[in-house]
1. Karplus couplings for the stretch 363-371 from phi (6.51 cos²θ - 1.76 cosθ + 1.60, θ = phi - 60°), rounded to Hz, Gly and Pro as x?
2. Which of the trypsin sites (Lys or Arg not before Pro) found in the stretch 1-100 are in a DSSP loop and have at most 13 neighbouring Cβ atoms, other than their own, within 10 Å?
3. Can you pull the three principal axis extents for the Cα set of the stretch 57-137, in Å, largest first?
4. Among Gln476, Ser451, Tyr175, which residue has its Cα furthest toward the positive end of the charge dipole of the chain, with +1 on Lys/Arg Cβ and -1 on Asp/Glu Cβ?
5. Quick query: amide H of Phe422 versus all other amide H atoms, modeled in the peptide plane; which residues come in under 5 Å with a sequence gap of 5 or more or a different chain?
6. 222 nm [θ] for the chain, helices only, -39500 (n - 2.57) per DSSP H run of 4+, per residue, to 500?
7. What relative contact order, as a whole-number percentage, does the chain give when Cα pairs under 8 Å and 6 or more residues apart are counted?
8. Extending each Cα 7 Å along its Cβ direction at Arg245 and Glu304, get the distance between those two points in nm, one decimal.
Amino acid sequence: MRPDASSALRMATERLLHLQSEDGSFEGEVLWCPMLSAQYVLLHHILDRPLLPDRRRGVLRYFERSRLKGGLWSLHEHEPPNLFVTTLVYVAARLLGVERGDSLIEPARRFIQNEGVLGIPTWGKFWLALLNLYEWRGINAILPEVWGLPRWMPLHPSNWYCHTRMIYMGMAAVYAHRFQAPVTPLIASLREELYPDGFANADFASSRNRLRDADLHARPSVWLRIGFGFARIFDRLHSKRLRARYVDSMVRNIKWELKTTNHTSISPVSGILNILTLWLHDPEDPDGRRGLAQLDRWIWEDDEGGLRVSGARSASWDTAFALQALSTASEIVGVRDALQSGADYLRNQQIDNSFEGFQEAYRNDPLGGWCFAAGWHGWPVTDCTAEAVLGLLTADSDATDVTALGDAVRFMLRGQNRDGGFGTYEAKRPLIGLEWLNPAEMFADSMTEHSYVECTASCLAALVACGERFPQLIGQAEAKAITRAEAWLRRVQERDGSWRGEWGVQFIYGTFFGIRGLLAAGAQPGDPALRSACQWLLDRQRDDGGWGEHYRGCYTGEYVAHDESQVIQTAWALLALLEAGDTDWNAITRGAQFLIGTQSADGTWPRQDMAGIFFRTALLDYALYRQYFPLHALGLYEQRRLEN
């Protein structure tokens, strides 16, 4: 018997409608780890702008709430203690007035002393050096001169992944100053706390490559270590005049970045460095001051969780998926108005002009794109654009502007790679891989753009949907792009039928999108690739009807079964099977029953493991994923149940 999901669907829909903002948007928090909140505190200390008491209490509340069971901190809540995050939080808490020996941070002090702060990853060494808690001679040189290489060279930063490019631009500009905060009594005390054998006795020069194994995803490659050696020699012999010229150029690029992102930067990771760069250049710089004020855009705060700096804002992304989910429950009171309001919001977030100077700033032309956050962010993404287009066409296709859709189509095509797949912010630029150059020891796959299953599938679906609604938008070039994208998707499918995702955990997420992409390209129910993908999902359904994949597999690129079913992953799997027209209604019914059974009385689903990820090791909790994906799955299930 196929269970009736109408009641669960109604409760989920009413709950999601309750979360819609007055402007029509939907947005849930994208929770990462305390690293950014700690750096937020460190920045204010360096700038000598102490946080207001309410903010101080909010940050400390977040530090308290985000501790692991043993009282330490890590890159995410499921990871063992991490020296990098724990040290930054410890120092930040002390700068906020927490006394030495306080129960909030005492376990961290013991952990840091036992592990040895000299083994902290390079990003940690960098921040400690700024605070005069480490020496610059113990950090591998971050050369501004790299930005002076010819742009045709693969090593030029214009070829790097945009987040990495922006982070290291800020780090290089700051490194050129070798700034260190004054040694106050508090800094002197921190030196004693971090270095029990004495700060003066620490061998910083020989510790530049000393790295705690447990903090690393991969140690620097032999080629990168050789490069560090050359950089160290160059750093001793460099021309001060030439370096000053490159730093001035970086300052101009950073100011351009701030002005084209409403002074937010692509993320707070690089944004904090950008603010620091401009402050070192001119403490009264107006762009730097506005950037400091605009850090508030990245902040989430409430009484329970405290104040945390998010790694991303997701209004356009969440709104697009919420509209697609709500469209399956359009007969419920209030949904049609919500769809209209959400579509109006999305239309207003499309970037409608090319930023002057984007080529000199190594940027893709943003015209026609949607950002992960909102239009103010200024960094549009291919799949965010695709999902926004799908959300608009689903919610309010009659009011969609063909000119705006044409701009969106052209933006997406600018993100297609030579192999037919799609990147995120831009197409892959270098012909050779650069992961061997990756200096961020804690992360991987962060040096260049790649072709991603999720981006390719989303763009395929949006391009085809645009063509169905407005055939004049799909000419020869667009048709060829669709064919190439489908061929790439088929080519990268694993032998077992799955696809590996990059931005969610992991094979269930990738297979969900892979199936969507093939369907958009015209795959029929009997298509072998489609059937193989569905069978892969069916083979991994758990006894309780749900699906669950553990994040540990992201580290190695392997599927690792979770020991309990996950609501979000169950919704992904169920959506994929339903959209593909799979005939195993026993499995589909069990999946729907799992979602119905785990729903709370208020229409929500429980928070479980983080389902989002980036750079292989950084898990993210997308708060609204556990609302609109199960809603979408149950809505589609109800449609199919009633049809059959």
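1. 9, 6, 5, x, 3, x, x, 10, 8
2. Working: sites: Arg10, Arg15, Arg55, Arg56, Arg57, Arg61, Arg65, Arg67, Lys69, Arg94, Arg100; in loops: Arg67, Lys69, Arg100.
The qualifying sites are Lys69, Arg100.
3. 35, 27, 20
4. Selected residue: Tyr175.
5. It is Asn417, Tyr452, Thr456, by chain and number.
6. For the chain, the value works out to -16000 deg cm²/dmol.
7. On the way: 1146 pairs, mean separation 107.1, N = 644.
Result for the chain is 17 percent.
8. Distance between label points: 5.8 nm.
Readers should treat all values here as calculations from the given coordinates under stated rules, not as data from a laboratory. Note that the structure is predicted; figures quoted are calculated from it, not measured. Cβ atoms come from the backbone with ideal geometry, glycine included; neighbour counts cover every protein chain shown.
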